[in-house]
Structures are given as structure tokens and as C-alpha cells.
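Inspection log for the structure reproduced underneath, given as C-alpha cells.
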């Protein structure tokens, strides 16, 4: 199953942003508390942890590419346990959730995404985890829970994705008019490319408004 056609670009941007700015952010935060906590030691420790987590995450992606599911689960779980304060733990949880979905294990995928949502280091990460979790809930037939999860959430950068999922949920609930309104809002907020085409197809499938 592929639930990730709409947020992958945001995830890649987050990865790139963290790689370029992560150490500076850690250093800046710790410098502000330097006198109290002995910032030199703390900065050094955080940098080492971030570097170790980065190497481990790279190893995880290699295992996934090779199709070594067992070792990938072990490595991803270790990153989530040992480096839970880094964004690499969050990214590992997303990676394992995708792996579980590919194996058809919706329950395991949901558990990974719930962990990711709880441990997301910032709002952009939380938006990605929440959307993916809502899709898994929807696949499990838990439309009400999925709708409750996303209602009132998100920001302008994710509006199209949230509204699309909202429309999908309303369709499963047998509410085509609410679904139409959600898809129209998603289309209005969407960028160019496959996303718009997919949304237009969903609206076309609904037919003309009564």
C-alpha cells in the first residue's frame, strides 16, 4: 500500500533542512543555557548523538533498500530507542511504518506512526505523521477516529493534504457532499502537478453537484 504520495516532498525537505541546520540549532539552544549546564560538554554530546543517529539512519535506509526487513526493524527500533531526542528517530519511525504497510501490517504501522506523532520535534513533522496515521486509521475502517485526528489540525503548507484526507474520510462515511466540499478546498490549496490531477479525478468521480 502506498499512503505517501502527498507528503514525501515535505519529508525530504525536512531531512535536508535538518542536515544543513541541525547542529547549529542544537548549539544555539544549548548556548542559551550554557552557564547553568556546562554548555561545552552538552554541545559535544548532542553533536555526537546527532552524528551517530545520522549514520544509523543511513544504515537503516540501506537495509530497507536491500529488502532486509528483519534487520531494518531491529535497526529502526534501536534508533527510536537510543536516539529518541533526534529527528532521525522520527524519520526511522516513518520508515518502519512504511515497511510495515508494505508487509500489510496495518496495526504495526499505526503503532509506529503514533510513536512518531508523539515524538515529532516540530509542527511540520507532526503534520506528516498525523496525515499518515489518519490514512492508516481509514484503511483499518476507523473513519471516525481518523476524522477526529485531523479536524482542526494542519497549517497552510499542508492544507491540501488535510482536506484531501478529510474528503476520503467523508466518502467512507457516505457523505458525498461533505467530501465534495473537502476536495474542492484541497484543489484550491493544491500546487501544480499530479496532486491537482488526482483531486480533480476525485471530484469528477462524484459527478455534478445536486
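Quick check: from the Cα gyration tensor, does the stretch 72-157 come out rounded (a/c under 1.5), prolate or oblate? The shape class here is oblate.
Each part gets one Cα centre, and for the stretch 106-159 versus the stretch 59-87 those centres are 21 Å apart. Oblate is the label for the stretch 122-185, because a/c, from the alpha-carbon gyration tensor with a ≥ b ≥ c as root eigenvalues, is 1.5 or above and a/b does not exceed b/c.
Considering only Cα atoms, the convex hull volume of the stretch 155-210 works out to 69 Å³ per residue. Taking every alpha-carbon pair in the stretch 58-210 and binning the separations at 10 Å intervals from zero gives 12, 35, 32, 18, 4, 0 percent.
Counting neighbouring beta carbons within 10 Å and listing from fewest to most, the residues 108, 65 come out as 65, 108.
FYI, it's all coordinate maths here, none of it is from the lab. These numbers were taken from a predicted model, which means no experiment stands behind them. Quick reminder, even Gly has a Cβ in these numbers, built from the backbone with ideal geometry, and neighbours come from all protein chains shown.
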